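Here's the structure we're looking at; comments come further down.
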Amino acid sequence: MNFLHLKIFYEKYKFHLLVWSLYIVYEVFILGLTTNRFREPGAYLLVYIVNILTFYTYGFLLKKILKTGSNALKILKVTLLITVIIFAYVVSTFLLIILFEKISLIKTNPARSFDRELILSCVYRSILFIGYSTGYVYIIKSFQDQKKVEALERLNLITQLEKQALENDLVQSQNNYLRSQINPHFLFNTLNFIYNDARKKAPMAADAIMNLAEMMRYALKRPEASEMVPLSEEIEQIEHLINLHKLRTANTINLELEVTGDLFGLRFPPLILLTLVENIFKHGNVSHSTQPALIKIVYEKDNLHISTINMINDNKGKQTESHHVGIENIGKRLNNFYGNDYVFRYYKDPLNRYITEIEVTVINPMARLNR
């Protein structure tokens, strides 16, 4: 584990170790050989302990100062920091000399004292490494600022590309919207032409065309599934659907729609009513002579009650499974809109009729205007 820590430390600070190694080799050996003056190893150890500590301590504190305050305050703090570092350098050097003499890392010199020569030498060395440290801090800061500028430029480029992409998407959406307006417009104009042409020759076909056109128009303008729609519009679509089935089956359908209460302004989740009615046509017996299918919608005292009753078509057998899929979807949609504040029941009664019931409290904001 210790070896791993050393490896991580080396990978992180190998550049620092290299520079310090080169600097120490230069000062100790090259200058030593040039001047033919070598000190004892303990003296070098003392000097570089103080120098390296001064370098990193000053650099660390200088970075802190440069991050906060106004320029005038920064100058004052830096001046005070330099004074403190120089003083600490002189004192720590003298104390380490005494310590190293006591533990015999350097020779004892009875004549050594805290004199002017020692102080000036320490001041010179401290200023030298304060200068090195200042240069190091500003070089690092310059690199960091450059990285920030490059990051901002990349961010700006990405933003421009995203903006361009959004503009392209907007243009595409506008084109698609125009096409979507043109195509339905063309379709409805064509259906109106066919309706007007068929009205005299084939009234039943004309009625079917008109009902289909109205249902398609409603489907195209229908809002998102998360929005409510006027209940009256949903009922209109039910009527169109019933009319289409009556025309298709030569009016052999035995189905009644009963609506009670003022529905003006009342809103309800879309597709629920249509799903119930489609299930009646898909899975129920709507041609029973004595048992008509019934769709009943009652709104009274802020309570909305919707029920459907239809004879079960036993001839459709396995298709009952898909009936339950539609019913489950209705339950999920009611839960999304009303949470637990609704009642939804569906069951088969002893008369072989399939019954669904929805009860929910719906406050109509237009109720006062209706009175």
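Looking for whichever is polar (S, T, N, Q) and farther than 21 Å from Leu17 by Cα here; the options are Asn51, Asn109. Which one fits? Testing whether each residue is polar (S, T, N, Q) and farther than 21 Å from Leu17 by Cα leaves just Asn109.
Determine whether Asn310 is at pLDDT 90 or above, within 28 Å of Ala208 (Cβ to Cβ) and among the polar types (S, T, N, Q). Taking the combined requirement at face value, the residue satisfies it. Number of residues in the range 282-297 that are part of a strand (DSSP E or B) and surrounded by fewer than 20 Cβ atoms within 10 Å (Cβ to Cβ): the value is 3. Scanning the range 328-346 for residues that are open to solvent by 40 Å² or more (accessible area, probe 1.4 Å), closer than 16 Å to Thr356 by Cβ and in a helix (DSSP H, G or I) gives Glu328, Asn329, Lys332, Arg333, Asn335. Figure legend. Inter-residue proximity from the range 336-358: first residues closer than 26 Å to Glu227 by Cβ, second residues open to solvent by less than 40 Å² (accessible area, probe 1.4 Å) and assigned to a loop (DSSP other than H, G, I, E, B), beta-carbon distance below 7 Å, spacing 6+ or different chains. Indicated pairs: Phe337/Pro269. Can you name the residue in the range 84-131 that is at pLDDT below 85 and among the small types (Gly, Ala, Ser) and, of all such residues, is farthest from Leu46 (Cα to Cα)? So the residue we want is Ala111. Among the residues making up the range 61-97, those that are exposed (fewer than 12 other Cβ atoms within 10 Å of the Cβ) and part of a helix (DSSP H, G or I) are Lys64, Lys67, Asn71, Ala72, Leu73, Thr79, Leu80, Thr83, Leu95.
Give the range 98-144 a look and list any residue that's surrounded by fewer than 11 Cβ atoms within 10 Å (Cβ to Cβ) and of a type in the set (Asp, Glu), or say none. Across the range 98-144, the qualifying residues are Asp115, Glu117.
The values are calculated or read from the model by the stated rules, or taken from the named source; none is laboratory data. Source: prediction; values computed, not measured. Because the Cβ atoms are built from the backbone with ideal geometry, glycine has one as well, and the counts that use them run over all protein chains shown. Accessible surface areas use protein heavy atoms only, side chains included; no ligands, DNA or RNA. Shrake-Rupley method; radii C 1.70, N 1.55, O 1.52, S 1.80 Å.
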